Each structure stands twice: as C-alpha cells, then as structure tokens.
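Each reported figure results from applying straightforward, stated rules to the coordinates on display, with no laboratory input. In this text, all values refer to a predicted model and were calculated from it rather than measured experimentally. For neighbour counting, all protein chains shown are included, and Cβ atoms are generated from backbone atoms with ideal geometry for every residue, glycine included.
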Amino acid sequence: MGKIIGIISCNYLMKNPEGLTRDRPLAALPFGGRYRLLDFALSNMVNSGIRTVGMVTPYHYRPILDHIGAGKEWYLDRKTGGLFILPGATHGIYFKNNKFALRDITKNIEFLEKEKAEYVIISGCSNIFNIDYTNVLRNHEETKVDITLLYKELILNADEDPQGVILEIDAYGRVQKLESNQGKEGQGTKYFADVFILKRTFLLDIIKGHQNMENLDLLDILRENISQLKIGTYSIAGYFGRIYSKQTYFQRSMELLQPSVQNELFLGEHRVLTRIKDNPPTKYGPSNVIRDSLVSSGCIIKGCVSGSIIFRGVVVEAEASITNCIVLQKCVIKKGAMLENVIVDKYNIINPGTVIKGQEGDPLVIKKSRMV
Amino acid sequence: MGKIIGIISCNYLMKNPEGLTRDRPLAALPFGGRYRLLDFALSNMVNSGIRTVGMVTPYHYRPILDHIGAGKEWYLDRKTGGLFILPGATHGIYFKNNKFALRDITKNIEFLEKEKAEYVIISGCSNIFNIDYTNVLRNHEETKVDITLLYKELILNADEDPQGVILEIDAYGRVQKLESNQGKEGQGTKYFADVFILKRTFLLDIIKGHQNMENLDLLDILRENISQLKIGTYSIAGYFGRIYSKQTYFQRSMELLQPSVQNELFLGEHRVLTRIKDNPPTKYGPSNVIRDSLVSSGCIIKGCVSGSIIFRGVVVEAEASITNCIVLQKCVIKKGAMLENVIVDKYNIINPGTVIKGQEGDPLVIKKSRMV
Amino acid sequence: MKSIYKKEWIAMLLAGGQGSRLGCLTQDIAKPALSFGGKYRIIDFSLSNCVNSNIDTVGVLTQYKPSLLNSYIGIGSAWDLDNANGGLHVLPPFVGQEGGRWYKGTANAIYENIDFINFYNPKYVLIISGDHIYNMDYEAMLAYHKEKNADLTISVLEVPWEEASRFGIITANGEDQIIKFMEKPVQPDSNLASMGIYIFTWSVLRKALIEDEGKSESENDFGKNVLPMLLAQGKKLFTYRFQGYWQDVGTIESYYESNMELLKEQPCFDIIDSNRPIFSNGEILPPQYIRPKARINNCLVGNGCTILGEIKNSVVASGVYVGEGAKVEESILLPNAKIMNNAKVYKAIIGEYAKVGANCSIGNSGKSARQAEITVIEGNSILTEDSLNNEKKSCFLQFRCYLKDKKWRVKSWGK
Amino acid sequence: MKSIYKKEWIAMLLAGGQGSRLGCLTQDIAKPALSFGGKYRIIDFSLSNCVNSNIDTVGVLTQYKPSLLNSYIGIGSAWDLDNANGGLHVLPPFVGQEGGRWYKGTANAIYENIDFINFYNPKYVLIISGDHIYNMDYEAMLAYHKEKNADLTISVLEVPWEEASRFGIITANGEDQIIKFMEKPVQPDSNLASMGIYIFTWSVLRKALIEDEGKSESENDFGKNVLPMLLAQGKKLFTYRFQGYWQDVGTIESYYESNMELLKEQPCFDIIDSNRPIFSNGEILPPQYIRPKARINNCLVGNGCTILGEIKNSVVASGVYVGEGAKVEESILLPNAKIMNNAKVYKAIIGEYAKVGANCSIGNSGKSARQAEITVIEGNSILTEDSLNNEKKSCFLQFRCYLKDKKWRVKSWGK
C-alpha cells in the first residue's frame, strides 16, 4: 500500500459532550478500556499497510500528541513516510459542522505535494470500526470513479448527530445526493462513514480550484459538483459504531461487552493499536463478583463490578459496587461506594459510602479530576 | 540527572527576521549546515543526562514537530520521561517581549505536577552554546540560592536585541537587578543567557501565586521580588552565540568556520544531536575550488565555494561561484551563477548566470521556495 | 577503538542458561525468556533493575536457544535502554579467526567479551544473571563498593540455615569482609548466601579473567574458580547485605511458588511499586474480557484474556482463553494458553500456546493444593480427551508432563 | 507457535561470512559490517533492497565476529524494519538441548532456522547475502517467480566469458529454465553467473533442506549441494536476469575498484537514486569542515570530516581527519581514520580508527595508480615515522599491510 497515504481529521468537536471533551479533543476520548477514539481510524490505516499518515490536529492538540508520541506503537516512527502532524485551522470552525475543512488541508498542502503516492484516504475519527482498506482501494480502482465514499447501512436514531450525512445512491452505486440526516429518524439509510478515497492529484486540483473559499468543507465541494463528478460508494460490512454524544459514547462502550462486537473489533487479524503503558496484570481479590466487564491492566478489583468498562490502574475497593459504568484510568472507588450508570472520568476518587446513580440510557458524568 | 527536568521555550519570535522566520518559528531556523536552533538547547539538556523535556511550542508548531518527531535522535522516545510537547499560548504574546510567558507554563501545569524531579531547568532556544548543566546544578545546590541565572560576560553591540536582559551582580554573585540591554552599547556586561534553574516546587509556588496575572513573564516576577529572592548566577565559560536578527544569524553562521568555535561546539565530548536524514556522502568534482566552508552530506559540488555554509542536498554546478553565503537545503545553484553575501533559503533554484550580491555584514535573503 | 564516553560502570547480564531443572518449561527457550507473573518474562526484572539504577549500558550474554530472547529484548527499547552512547547489546558466542568457541562458564563468558567492556572502559562492572526475581537498587550497592574501596562486592542474603547448603555460602568478618567462600557446603558455617550479583573493579576483574582463563583445569566459573582465586590472592572482597525479596526460580517448585506468592494479599514482592517499575515488552492486546458467567477469585490476569469459566488462585498471563464451564485452580496459565469448555485444570502450569481441549482434566485434584504434584504441560501442546485417555489413538500430538516425584512422563508420538 | 500474520514472503540474509580474502579489513568484523562508499556498511545495500522491495520480515544469520554488526543493525530501525509483525531478527548459532552447533554451510544455516521461518509460514523465501553492492527490486523477481510457477528462481547476471570460471555458472534453455549448474567451472558453457539471490517456494526449500541435512557427505551449501540436488530431482528452476550493477566485493581489489567506481562522473552504481534510497545507521556528525588551505579534487566525503590538506580521487568516510600539508590520493579512508600533518597516502585503504602519523608515507607512489599495489592499513593501527622506518624501536604498535602480491607483511610487536 505504498501507493496510498492517509489523512485523519481530528479537528472537529463532539456537539454534546457534557464534560467528556472539555479538556480533550474528541479524537483523544478514551474508549474501550485502553484505547482512544483516534486509535481506530489510525489502526485501520496502518493495518491496511498505509505507512504515511497526516493527522490534522485541533487547537487542543496536546492530548493527541501525548497519546501518539512518535507513532512508535503504530509503526509510524519511520525514516520514509511515517506520522505527520498537520496543525488544523483554529478560528471559527466550531460555528460550522465542518469535519473536513478545506483550509485544514490548504494550510498543510506541502504534505500532499511532497508525497508521491497515487491515492489519499481521508478519515474522520469518531466512528468505531475495523476495516481493511485494501479492498476499498481495489474497488475504487475497478469502478474507475473520481472518489469513493464509505457508508454504513443503518437505521437512524431519534437523537441524531447534526453532522451526520446520508447518501442517496443510484442503481450503479453512484452518489446522487449528500443530505443531512436530521429529521429522518427511523429510516434505513446509507450513513456516510466519514471516510473517502481519491487521487492525490485530484485532491490537489480541488484545493487549487477553491483557493479563496477556505471556509468550505470538502463535502460542500462534492455537493456542489455532484453532477460533474463520478462519486462511487463502498458499503462497510461489519460492526460500525458512531459516537457523537455522551449517550452514544455510553452505548458504544456497552456494546463492547457483546461477544460478537468484541471479536470483530479486537480479536480478528487486524489489532487495534494504541499506546503501550507499563502496567502490571490486574489483580482480583477473593470476592468472586466481577462479571460481564472489560477490565484493563494495572487494576485492583476487590469490589463488585458488573456490566462495566474499567480502564487501567483503577482500584475498586472491597464492598464497593459498580454497575453499568465506565470508569476511566486511575480512579479509586472506595469501600462501600455504589455507582450505577455513571461515567467516571480520569483520576477521580469516589469516597467511601458515596452513592451515585445515573438514569439508564442517560449516564451521569463525573468530570476529570486533577491527578494527585 | 533523574532529579532534574527541562523546559524549552520555543514560543517567541525573532524581531528582525527578513523572511527567515516567515514560515517557521525561530526554534526551527536551520543553522550550521544540518542543525536547527532548538537542537542546541535540546542537546545541552540531553547531554547533561536530562531525560524529561517539555517543549513549549508556538502557534506555528509543525516545523518543530517535523524536526523533532518522537525525539528518537535525542534519546527522548522513552517509556518514562521523554519529550513532551507543551502547546504555548497563542494570543497577543507578540506584543510583548516575553520569552518565558507565565501562561505558557500555566497552560501546561500538569507537566510540572506529575513529574517527581526536584529541579527544573528552563531554557530559551536562540543562543548557540555547548554546556554540561551537571556543574550548573551542583553550583546551584552548593550556593543554596532560590534560582540560578546563567549569563555570559560580553560586550554589547550597537544593534542590540530588544529582548536582551543584563544582570547586575553583587560581590557574592547575587543578582541585584535585571535590566534591559538597550542603550548600553559597547559596555562589558553580564548578558542573561536565557537559561535558569530552580526547584520544581518553587516554580509551582510562583505559578500559583500569580494565577490571575497570566500576561506576566517569569522574569517580571523575578524583578518584582528581587529583594526577597536569593538569585544566584553561573557564568558560561565557552563560546556563546546570540541570534536575534538576520545579521546576527549570518555572523554566528560564519563564526562556525573558525576552528576554535567548530571544535568547541561540535567536536567535544558532547555532540549536538539533530534529526537524521539518509543522505549519501557529498561528491566533489574535479574543480579543486572548495575551501573554508562547512558542507553537509548529499551535496554535489562542482563549482567554486568559499567561506560558506552549505546545507544538505545542495547542488553547485560547474562554473557557479558561492562566496560568503549560507545555502539552505536542496537548493540548486546553476552553472555560472554567482552569489556573494547571500542567504538562500530552502528549495531555491538559482538560474544559470544569475548574479546576486549582498553587502558585507548585511546579507540578502532569498526566501524559501515551494519544493518542486 | 574506544567509546568517547567513558562509563563509570556497565552491567553484564548472563542470560545464556538453559535452566534445565525447569524441564519442559525451558525446552525451547532460555530461562530468562520464561513468562512470569502474568505479563513479564524473567529477564524483565534484571533489566528493570538496571534502568531503575541508572545504568545505561548493558551487555546481555546469550547462548542457549536465544531466538525468543533476542526478539523480546531487541535493542532494549522496552526498558529505555536504546541509547546510542551505550545501550543494550546482545553478545552471543561467535566465530573468530581461530574458529568458534561456546561460552564455557560464567567467567569465560565475560572473558570472551573483554573487548566489549574495554570499549566502554568502565571503572566498575556489575555482573548479574537474567534468572532471578527481585527489585534492587544497584546504585546503592555501587556506593557501598566505592566506600569500602573494594575489589569485589558480592550481594548476599540471609537464608534459613537448613537451606544454606543449596547456595554459595559466604563467611564474612565483623567488617563485612569476606574470609571464606564455599559452593554448596555440606556443613555451612554461615547462612549468608551469594545472590550471584557482583560489582567488580574492572581492572581487578580483567586481570582475574585472563589469569583464570590460563588455567586449564578451571571450569571458568565465578563461584567455583574466580572468587576462591581472588580470596587466595588476598583481594578485598566485601559482602553487601540485601534485605528485600529475591528468588531464584530455578526449579518447577520455586517457579510455581514465586508466582503464587504474587497472589497473596500482601505479597513479599510487589510488582506494582511505581517508584521502581518493572518494564516489559508487551504486545498491544485489548483489555481482559470477563463474560457474564465467569467467576474470578484471587487471580492475577493479563491483558487480552477472555474468561468465560471459573478461575481461582491462579496467575493467568496475557492472551489466555478460559472457556465456558472450564475450571482453573491453583494454576499458572502462560501466555496464549487455551482452556476449552468444561476442561479442568488443577495445580498445573500450562505452557505458552498450549491448548487443553474440551472436557480434559489436568492435574491431581484428589489431593489438597499443598500435597498435590505440579503438572506441567509443555508449550504448543494440544491435549484432547482422546489423547489423554487413549494415547495410541492420536498420532499428531505431543506433550509432556512433569511430576513432582522428579520423573518425566513423556507422551510423544512423532511430529 | 505461529504468527497470526501469515507472510507472503520473508527474507533470510546470510551475514555470517568472514570474507577472508579481504584480509585485515575483516580481521575484527564480519564482511557485511565493512565500511563502503564513504558512509555505508556493505549490509546496507541488501537491507535497503529489502525495505525498498516492501519486505517487512528479515532474518539476519550471523556467525563470524558479529559484535559490530549486531550493534549496527540493532532491530533494523535504520531501515524501517522495526515492525512488530515481523521486522528484523538477528539469528546467531546457538546451544540447544543437544549442545551447540555452528552453521556448517549456507544451506545448513537456513536449516537451523526452519522454526523461525515456520513461525511466519511464508509462501516464498528470499535468500540473499549481506556482502554484495547492488540496487535491486526483489518484488519484480517474486512476480517472475510466481508467473513461472517456479520452485526456485535464481537471479543471474551476464559476466565476461573470461571471468565466468570465477562464478557459479548456470545454463538455461530458451524458456529460461535451468538445465545445468556448475560451481566455478574450468570450461564454462554459459556466461550466466548466479548472484547468490534465490527465491524458493518455501515448501520446496524446507523439504530440500531436511533432505540435504540428512546427507553426511554434503557440505550443506546451496551452490554445491542443494541446487544440484533439486536439478537432479527435476524441480522447476528458473533464471531471472538482472541488468543493473552488481558487485561482489570479495577481495581487496574488487573492494577498492567498486569504491573508486563511485567517483566516476557517471558511476555504474548510483548511490543517490532517491526512488530506491540506500539507508544506513549513521552517527549524528557535524557537516564536513573544509579549511582554507584544503584542496579537494574528485572525492566522496562523509559527514564529520575535517580536511586541512589535499585529497584527490579518494573516498573519505565519516569522521576522517586530514591534517595540514597531508596528501591523500587514489585512496579509501575508512571511518574515523586520521591522516596527520604532512603525511602522504597513496593508493591505500586506511582502516577504521587507524592513524597515519605526521610525515608518514604510505603506499607506493613511484608507480602509476594502475600499476601500484594497494596498501591496506588495519583498523586501529597507529603508524609513526619511527614505526615505519625502524620497526624494532616501538613496541606498542601493531599494523599489517596487505600487498597485491598476495603476501602478508605483518608488523606486530605485542599488544
């Protein structure tokens, strides 16, 4: 796959964060016990053999850099190619629903110019799926289209992401329309997966053709030129999880407890790569009351845990009880505390006897604490 | 030196750049054939055994990240410690002469909080020298001061850096005053080297004591509290080169051609570390007319070169002539071109027969070109 | 050729041992590469001690089946030892102008690498082995060595008198100067055991190695030959008393017990000490996945495990699968072992990538944990009900069980 | 144990050779570690070919003095080969249950590492050696191997007929199928020489290695034993014609000539080709520093050099010093060699870290470059005027000169 390079756009927000993305960009949101959202987009590229990836970073880029470092864990600390940080534009973007702002790329056009690869694959970072892009590229070449958009066939929820885009496709798999998903609850649709593939030179042409219209989004340009362009599609077969709010973050997390989702995302040939931390194995006390949970390393579990996602280094003391919760790294749940339907952000200490219950389907968030 | 961590401030400007720092922060300015300015500050820390370094980055941080990558070449791609990118504040700082803006650190206070090291050494990135901080730390501990400022004994030029600070010192080596260097031409002074050392907890106290005065510079705080603080000093013995304008950049570059400067900076025990690029050796044609120059690898030199600094991958065709010039990477000087007292920024192609002459002491700058 | 960076000290880590008393656990790998404690390999402890003691140059001497070990340690990045002015270097035996020479003994292994040490020209050389479990500050020992102005300092540990004859026993005077050294004495006159951790002044060591190499009758071993020689020469040898936990996991029993030690409420050895962390070179695996019917009771569990059944008082390493209805007790499951549905594993060590088939029963559960033998299943074995009940039936299987009565029960039917 | 990532192909790189015909150049290092072309080591070319051909798994088989080689290649990061699902692995000979075995021949070396290859279970295995200078796309050769549905494809080169008897010579039919293979035939009936680059279908190779190992009379060498055996068995062996530059730098003369080749205006071998770059693992050195009185004429010069004198038609590697008034002509200065003031070096190879003292004169400048012998100064030698004029005077020096008449002139006075 030396003939394709990747760009991951991390320069956009979650609209309904409730504290989860107060101190961190969406891309750096912890997920699944040890990952961050961007791990999925990045691993999909790396596992497909892509060895040059540009990452468009938002204004709060430190959590992203802290996480990916040199890209060592993704085999992107290379002499040729590797990981390139592309600082995104900073002003005004939050007024728009941009995910692929033209100026984020314009600002970093040298990255596209100096590479020799034939194709570029551009991805967002808020969807959870595990895919080999090799087949997507083959399909793109065979169908001889200008651009291929990936989509997932699904039924829309009532509470939909305002940034969601649905595709209208003709009998030949060609896109006829890119629409907003709002007001289409309950309908089966082809949901745009925030991933598309096109020729590098074609992308450069698009950019040069819109030099003074920096506020545009790449999707706007597709919309405007839909009749002149051959826009093909590729349907994602496996699990596809969208995260655009606290509720969907919680739902997607809990779906990881289903064996089929677990197998598909984590135990197939393509592993999700993430930063390595040196933690000891997790120690379970004699309580016998952990079940139906994902637990990362370095934890000490003596209390009762069920239906939960426990990140690394969490301590659950005896007689504490955690049900349907997400507990982020290095939290301590003291003796006798009871949590239900709660998302506990990093470094929190839940005092003995505390009882916190969120509603089913609408978890409470306990915001990130300063590390002690 | 596990008991000391470093912070390098890259969040300030060169005041008189003439194109050299148009597209890049001062820290990323190429220097000495293969280095960038920040290599000197970073190597001094690493060669002194410091293994945890925070780098305060400016708004245009991409050139810095492109250069330092994971910190591999500086042995900072580590599991414990290593290199941390600390995004600096973005607004308004260019109105001030801040080099050590309080809010750059406040914004990244977690870096200081989570480390356990006893001391912090803070450095700017625009001075060229090679020092082992081990002795500075020992001196700091022995003299039992609150803070030690490094200085260089020198005579001020007429055209002085507006950000320069000179120290007034009593008989015990204690700082009595921090003054601006303006209007003091020709005087022998103790010039503050933009490096100081203090206890980590003391720095945290300073920050917490000035929480709502973010526009302050750390030096302002020292000035205000000079009577309560024990501010010690350490004199830098060897070569010390200041870069704050096009002219001083040119002068410092040319000083590298002096054997003593060359030996002191580059051939001692402590090597200046920089990014590794895979270039072949430099090939010299049969012309016999290269002399008194520093030449990096990957060049092809067939023309006449003298008194110049040639960066990697430069081609000097036959019958071209380069005198007292700095030629940055991947420039091509075509047949018969003549350059004198010129700084040629990256990727330029100088056409056959072109003649460009700058004044002695006031070189012309040919701005960076787009890579072809 | 000399390094421009003269080092105060470097470490030489002896990692060539087979560990033959560990039986089939070290059939295909050197002892330092053996998995330990759920996510580590034994060499992690020595290497982490080095980096936590600010040693930046380590020579790792390999000899026995080094392939997994080589891949595992690489250039030492996992221990922050990938450092251009020093760093980690693997030193296998090699062929020179006069042909190849295997390492004859511990001292000979260092002798053959005198050039390596000379390159760094250190003042002191720390010699350690890669097969002990402990957490130690070698810097404190070096400070002691310098303070005593010693030629050689040996780290020692008090052992119970009744076990003293299993060790190299040191007798020291009131100033901690060594006056006698005996390898495995029948009648020990001290209970100070050598931990096999030496700090030598390099000039003394170099001379001693050359001298010892010249003796044709010498086994070129530190304990048997070099130490007695130095003592006889009147060199200044001192003991350095170590207080913490130190375990030579040289036998199946000690390997088993020291793993089980980690399960205690207050283990003697704390792998969670964050000031002196144990580094390891792990794969990136997903979190452990505990299914609804799983039962976990007093276990240490690594990443990437999927637990559907019941595990109790066990150390379960990364990537292990325990199927539905399966029951694991008092056992050690090495990385990527698979215990299939309804299998029972009792007081056993299941090797890497070994698979205990559905309904198989391993280990003598009739006795209490104290009394029962330890069953060892060799790595990569595939056990099925058929292979256990009727050995003759299947001809593609291979496994071995090691029993506590020191007899091998070998079940091997071709390849 | 198998990797979960099945590989289409992996490379096995034979890097154990001493290169004994290179005399004192390979006194202390394996031939693949020898410096070449101003900044490279010979193994760089093979490893760069691998990475430029998108091979991500390489086993490097070492045996002879591997210490510099081991440190140089590390885990392959310099060639982007540090990849968790494969990557670069150093494979030295080792001690197993039955004792240690050195690699007997090229085929035996691969045989001893069958387990390593099985782990990746590739369809094809590329076998190359680490001592040739060339730039080749192995991927094109693999495509050819697949297209021919071959059991073995051998890369071949047309050589001048008069040199054919120096090589393994292959006779092929009109379809490029091999019908005959002769090691160094006296009467060659073809001028197609084997380049020692093989692509095997793994299943065929595995079987052949096991079979060859069983033959007690075999030298376990690919050229001498395995290839003839496969031919006799009627396997499908094909030639793959390579057009570019390929040089076996097996002798002092060929080593010298291929370095000099790089100085030509249009060298046969272009080290500057940016599409298939040659990677190397270099130190971070300052730019080369050309002093005011220096004269440089048709040279290749590496980083970190300081040139005060005159250099002409020479390859000057990294970190070299040429003093004032010194004159270097038609020579190769290896890394960190020092030529002191007013010394003269003519048609010589000066080893790594060797020092030619002030006023010394090396090499026979009486003859033209074409006729003169090549003088070789061993690495780390220190030459002074005294040591050259009056050998007996100095007792701390050691150097050897290798002369073209194939005689060693050894000057060695203790250590």
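For a quick protection proxy, order the peptides D:327-339, D:117-129 by their average other-Cβ count within 10 Å, most packed first.
On the way: D:327-339: 25.4, D:117-129: 20.2.
Ranking the peptides D:327-339, D:117-129 by packing returns D:327-339, D:117-129.
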**Asked** At A:THR90, with labels set 7 Å past Cα in the Cβ direction, how many nm apart are the copies from this one, shortest first?
**Response** 0.4
**Message:** Just to be sure I understand: of the beta bridges DSSP finds with both ends in segment B:283-366, what percent are antiparallel, rounded to 5?
**Reply:** 5 percent
**Shortest-first nm distances, B:ASP132 label point to equivalent points in other copies (7 Å, Cα→Cβ)** = 5.5
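Per-residue ellipticity at 222 nm for the protein assembly as shown, helices alone: DSSP H runs ≥ 4 residues times -39500 (n - 2.57), over residue total, nearest 500 deg cm²/dmol? Walk me through the numbers before you get to the answer.
Numbers: 36 runs with 296 residues, N = 1574.
Computed ellipticity for the protein assembly as shown at 222 nm equals -5000 deg cm²/dmol.
What average number of partner chain Cβ atoms lie no more than 10 Å from the Cβ of the residues making up D:60-68?
Details: counts 0, 0, 3, 5, 5, 5, 6, 10, 1.
Taking all residues of D:60-68 together, the mean is 4.
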**Request:** Enter the mean number of other protein chain beta carbons within 10 Å of the beta carbon of each residue in B:51-62, as an integer.
**Result:** 2
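Normalising by the residue count of chain D, find the relative contact order in percent from Cα pairs under 8 Å and 6+ residues apart.
Details: 963 pairs, mean separation 55.5, N = 415.
Rounded, it is 13 percent for chain D.
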**Item:** Tilt relative to chain A, helix A:246-255 - C-alpha long axis, 0 to 90 degrees, to 10
**Value:** 80 degrees
**Item:** Dipole axis of chain B (+1 Lys, Arg; -1 Asp, Glu on Cβ), positive-most option in B:ASN16, B:ASN288, B:TYR151
**Value:** B:ASN288
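Sorted by packing (mean other beta-carbon atoms within 10 Å per residue), highest first, where do C:245-254, A:341-350 land?
Numbers: C:245-254: 17.8, A:341-350: 20.7.
Going from most to least packed, we get A:341-350, C:245-254.
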**Fill in**
Once the dipole of chain D is set up from charges on Cβ (+1 Lys and Arg, -1 Asp and Glu), the residue from the list D:ASN259, D:MET136, D:ILE43 lying farthest towards its positive end is D:ASN259
**Request:** Just tell me which lysines come within less than 18 Å, Cα to Cα, of D:LYS215; anything on the same chain fewer than 8 places away is out.
**Result:** D:LYS104, D:LYS207, D:LYS224
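Which value, in debye to the nearest 20, describes the size of the charge dipole of segment B:4-266 about its Cα centre when Lys and Arg Cβ atoms bear +1, Asp and Glu Cβ atoms bear -1, and nothing else is charged? Could the numbers behind the result be given before it?
On the way: 31 positive and 31 negative charges, 99 e Å.
It works out to roughly 480 debye.
Could you work out, residue by residue across A:75-86, how many beta carbons of other chains sit within 10 Å of that residue's beta carbon, and then give the average as an integer? Numbers along the way, then the final one.
Details: counts 7, 2, 8, 7, 10, 7, 1, 3, 3, 4, 7, 2.
Per-residue shielding by partner chains comes out at 5.
Please compare each pair in A:LYS3/A:LYS99; B:LYS3/B:LYS208; D:LYS6/D:LYS123; B:LYS177/B:LYS208; A:LYS72/A:LYS116; A:LYS199/A:LYS230 to a cut-off of 20 Å on the Cα-Cα distance and tell me which ones are over it.
Check vs 20 Å cut-off fails for A:LYS3/A:LYS99; B:LYS3/B:LYS208; B:LYS177/B:LYS208; A:LYS72/A:LYS116.
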**Dipole in debye (nearest 20) - segment D:220-301, about Cα centre, beta carbon charges: Lys, Arg +1; Asp, Glu -1** = 120 debye
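From the square roots a ≥ b ≥ c of the eigenvalues of the alpha-carbon gyration tensor of segment A:4-266, which class results: rounded (a/c under 1.5), prolate (a/b over b/c), or oblate? Mind dumping the intermediate values first?
Details: a/c = 1.25, a/b = 1.05, b/c = 1.19.
The shape class here is rounded.
What's the magnitude of the charge dipole for chain C around its Cα centre, counting Lys and Arg as +1 and Asp and Glu as -1 at the beta-carbon? Answer in Debye, nearest 20.
1020 debye
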**Complete:** at A:LYS144 the sorted inter-copy label distances (label 7 Å from Cα on Cβ side), in nanometres, are 8.6
**Message:** Closest beta-carbon to the B-to-A rotation axis: which chain B residue owns it, and what is the separation in whole Å?
**Reply:** B:ALA70, 1
**Request:** Run through the DSSP bridge list for segment C:148-278 and note the antiparallel percent, rounded to the nearest 5.
**Result:** 75 percent
**Complete:** Counting only DSSP loop positions in segment B:272-372, the GluC sites (Glu not before Pro) whose Cβ has at most 14 other Cβ atoms within 10 Å are B:GLU360
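Rounded, prolate or oblate: which fits segment B:283-366 when a ≥ b ≥ c are the square roots of the eigenvalues of the alpha-carbon gyration tensor, with rounded for a/c under 1.5 and prolate only if a/b beats b/c? Present the calculation step by step, with values, prior to reporting the outcome.
Numbers: a/c = 1.33, a/b = 1.31, b/c = 1.02.
Taking the square roots of the gyration eigenvalues as a ≥ b ≥ c, segment B:283-366 is rounded.
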**Prompt:** Too long at a 24 Å Cα-Cα cut-off: which of A:LYS15/A:LYS334; B:LYS277/B:LYS346; A:LYS79/A:LYS346; A:LYS246/C:LYS39?
**Reply:** A:LYS15/A:LYS334; A:LYS79/A:LYS346; A:LYS246/C:LYS39
**Message:** Could you sort the peptides B:285-292, B:123-130, D:174-181 by per-residue average Cβ neighbour count (10 Å cutoff), highest mean leading?
**Reply:** B:123-130, B:285-292, D:174-181
**Request:** Among DSSP beta bridges lying fully in the protein assembly as shown, give the percent that are antiparallel, nearest 5.
**Result:** 40 percent
**Fill in**
Fewest to most Cβ atoms within 10 Å: B:MET55, D:MET12 sort as D:MET12, B:MET55
**Request:** Can you tell me the 0 to 90 degree angle between the C-alpha axis of helix A:200-209 and the longest principal axis of chain A, rounded to 10?
**Result:** 70 degrees
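Name the shape class, rounded, prolate or oblate, that the alpha-carbon gyration tensor gives for the protein assembly as shown, where a ≥ b ≥ c are the square roots of its eigenvalues, rounded holds for a/c under 1.5, and otherwise prolate holds if a/b is larger than b/c and oblate otherwise. Walk me through the numbers before you get to the answer.
Values: a/c = 1.23, a/b = 1.06, b/c = 1.16.
Cα axes put the protein assembly as shown in the rounded bin.
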